Amino acid sequence: MTRAARDKRDPARAEPGSLSARLDRLFTHIASRIAWLAGRPATFLLALAVIAVWGVTGPLFGFSDTWQLVINTGTTIVTFLMVFLIQNSQNRDAAALQAKLDELIRAVDKARGQFIGIEHLTDAQIEEIRAALEHEAGRDNGTAGKHGTVHETVERLLSRY
């Protein structure tokens, strides 16, 4: 799929005032806030307190199936929802970092512009480029630096994709 086709399907590229764009901003705000709260020490202490209260109430409820079901259901729901929030947070962080790196590549005269967008390649293609870059830098034979460069190999790989 081309980048242009992906852009058309991306809700983040919707018209700024559209319902899709407003929902995307709302979700991003809520997800960011919950992710921030989830990482706070107070949130951990609150979760620890809930588990302690649950454990202490075990004898009151005779360690019944219902008592166990309460904690199992609660933790399953929280875990299920947190997976999506964490993935959303990581996707945004990765996209922001990639945009910053792309801007650095674009702004630095000696940087190779062909590296912009390689995050859309397959793992195997990226690994091939990484290995060629390490070889170009002389890391594969134990020497550091840019001497003994095989610049043409990296250029050939980048132009292939």
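Here the gap between Ile116 and Ile71, fully extended at 0.36 nm per residue and compared with their Cα-Cα distance, gives a gain of 11.5 nm.
Working note: Karplus 6.51/-1.76/1.60 with θ = phi - 60° gives segment 76-87 the couplings 5, 5, 4, 4, 4, 5, 5, 4, 5, 5, 5, 4 Hz, where Gly and Pro are set to x.
Each value in this text was obtained by applying a stated rule to the coordinates, not by laboratory testing. Just so it is clear, the model here is predicted, and its values are computed rather than measured.
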